[in-house]
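Asker: Take a look at this one; I'll ask things after.
Quick note: the coordinates plus some simple rules give every number you see, no bench work behind them. Since we're looking at a predicted model, the values are computed, not measured. No Cβ is skipped: glycine too gets one built from the backbone with ideal geometry, and neighbour counts run over all protein chains shown.
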Amino acid sequence: MTAQLTILSEAGFAIDEELGSDANAREALLDRAMGEGRKRKSSEKLRRGRLPSAGLAFVARSGSGAVTGSVRLWDVACGEKSLLLLGPLAVEPSASGQGIGSALMRHAMAQAAELGHSAIILVGDAPYYARFGFSAEKTGGVLMPGPVERDRLLGCELLDGHLDDASGLLIARGRRADRRQSSSDAMSPHISSGLVRVA
Ligand SMILES: CC(C)(COP(=O)(O)OP(=O)(O)OC[C@H]1O[C@@H](n2cnc3c(N)ncnc32)[C@H](O)[C@@H]1OP(=O)(O)O)[C@@H](O)C(=O)NCCC(=O)NCCS
């Protein structure tokens with residue numbers, strides 16, 4: 001059983017494990033923040049039909065409990081190396097600039113490290129993700145299963161050296177989603193057992 005962790009910030013939002021009941025709100029938020037084209041991204045090929053990595057799907061909630069942000073990480077492999085693919089990261093447009101995206105990133109990265117993962121890759125804007133330690137320095141040999149702008153394919157090691165010599169095509173390694181769930185509706189199957197609040 002996985003403990004649910006909630007961090008309440010002074011800005012009035014909380015970071016929480018994603019629950020099954022959050023799926024519709026999360027999908028609507030992703031559509032608003034990223035547009036319908038999000039489902040045509042190369043990264044989506046690594047997520048389709050899969051569940052997020054165990055314990056690595058998070059939402060931000062407003063004081064009323066509404067979902068205002070989302071981030072998930074997915075199990076992938078590059079040759080012999082096991083990696084996490086992060087994304088999408090999205091924040092409700094009306095709530096941007098309040099630190100929600102940063103809080104989701106820092107929490108997701110900390111949890112990934114705690115769970116023993118060694119590196120995270122993502123496709124995104126380097127000027128944003130650099131602040132969390134991501135760069136294209138070691139992703140030059142990594143291939144996505146579709147078009148990608150090389151300077152947007154970024155990596156961050158949780159274990160020093162894990163991305164050294166990373167090369168090859170990324171392939172999905174995640175647990176398969178229930179066929180009744182669409183890929184994007186796949187949710188983290190955690191049971192919340194408690195609530196921890198950090199002021
Ligand atoms: C990118 C996104 C997640 C940022 O969330 P957020 O909650 O607004 O971010 P934070 O409040 O933590 O950080 C805001 C800071 O990031 C900067 N920032 C936001 N988007 C940026 C980008 N694309 N490039 C560079 N900097 C960016 C802001 O200028 C601000 O800078 P400051 O701290 O110097 O003022 C959000 O804008 C979003 O959902 N965008 C649409 C979806 C998307 O592009 N997702 C990322 C790709 S998967």
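Asker: How high is the relative contact order of the stretch 5-198? Use alpha-carbon pairs under 8 Å, at least six apart in sequence, and give a whole percent.
Answerer: Reported relative contact order: 30 percent.
Asker: Please give, to one decimal in nm, the separation of the simple spin-label points placed at D31 and R106, each 7 Å out from Cα toward the Cβ.
Answerer: So the label points at D31 and R106 sit 3.3 nm apart.
Asker: Which Cα, out of Y128, L84, G155, lies furthest along the positive dipole direction of the stretch 5-198 (beta carbon charges, K/R +1, D/E -1)?
Answerer: Selected residue: L84.
Asker: Bin by bin, in steps of 10 Å, what percent of the Cα pairs in the stretch 5-198 do you find, going until the bin that has the longest distance?
Answerer: The distribution over the stretch 5-198 is 9, 38, 38, 13, 1, given as percents.
Asker: So what's the net charge close to R32: Lys and Arg +1, Asp and Glu -1, counting the other residues with Cβ under 12 Å from its Cβ?
Answerer: My count for the surroundings of R32 gives -2.
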